[in-house]
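Undergrad: My structure is below; once you've seen it, I'll send some questions.
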Amino acid sequence: MEGLFMRIVRGEIPAYKVMESEHCLAFLDIFPLVEGHVLVVPKVEVDSVFEVPEPYYTGMWTMARQLAPAIRSAFPCLKVGVAVVGLEVPHAHMHLVPLQSVEDLNFASPKLKMEPSALQAHAERIRSALTLGM
């Protein structure tokens, strides 16, 4: 049985998408660590990031590299951090998180509870920054 992220990839479950390619999809985490927290997932269901086949693996990192400046522009921060944890969903994915401090990447911290309208606005900010070439 396919999991949550594959259902999002196929459009069966709505998501706040910010970028899509042939091999990957990026969307907002609906329970973010901080505002602007994005997930990048391959369009193939594999549990471990180190088992993701090419070209999906390279696609994830390429997408992350394209998204980071847009996230930083949309959510001013010191850096955009990246984490691959993979314990909460059995589908390889990376977290792109705007950082003001290392604590912003603490997955033991309480997650934000955001309204759908705020998530939609955040996705639009990132997509706009991508369009502007940030």
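The values are calculated or read from the model by the stated rules, or taken from the named source; none is laboratory data. Only a predicted model underlies this, so the values are computations on that prediction, with no experimental measurement involved. Don't worry about glycine lacking a Cβ; one is built from the backbone with ideal geometry, like all the others, and counts go over all protein chains shown. Side chains included, ligands, DNA and RNA excluded: accessible areas come from the protein's heavy atoms. Shrake-Rupley method; radii C 1.70, N 1.55, O 1.52, S 1.80 Å.
Undergrad: Considering only the range 13-28, I want to know if a residue exists there that is open to solvent by less than 50 Å² (accessible area, probe 1.4 Å), within 12 Å of H91 (Cα to Cα) and of a type in the set (A, V, I, L, M, F, W, C).
TA: no
Undergrad: List the residue pairs whose Cβ atoms are under 6 Å apart, where the first residue sits in the range 68-84 and is touching a residue at least 60 places away in the same chain (Cβ under 8 Å) and within 15 Å of M19 (Cβ to Cβ), the second is open to solvent by less than 60 Å² (accessible area, probe 1.4 Å) and part of a strand (DSSP E or B), and the two are 6 or more positions apart or on different chains.
TA: Correct list of pairs: R72/V80.
Undergrad: Right, here's the next one. Looking only at the range 51-61, which residues are of a type outside the set (D, E) and either in contact (Cβ under 8 Å) with a residue 40 or more places away in the chain or under 20 Å from R10 (Cβ atoms) (or both)?
TA: V52, P53, P55, Y56, G59, M60
Undergrad: Restricting attention to the range 1-50, report how many residues are touching a residue at least 40 places away in the same chain (Cβ under 8 Å) and under 13 Å from the mean Cα position of the chain (by Cα).
TA: Going through the range 1-50 one residue at a time, the tally reaches 22.
Undergrad: Restricting attention to the range 106-134, report how many residues are farther than 14 Å from A83 by Cα, in a loop (DSSP other than H, G, I, E, B) and either open to solvent by less than 50 Å² (accessible area, probe 1.4 Å) or in contact (Cβ under 8 Å) with a residue 24 or more places away in the chain (or both).
TA: The number of residues fulfilling the criteria is 7.
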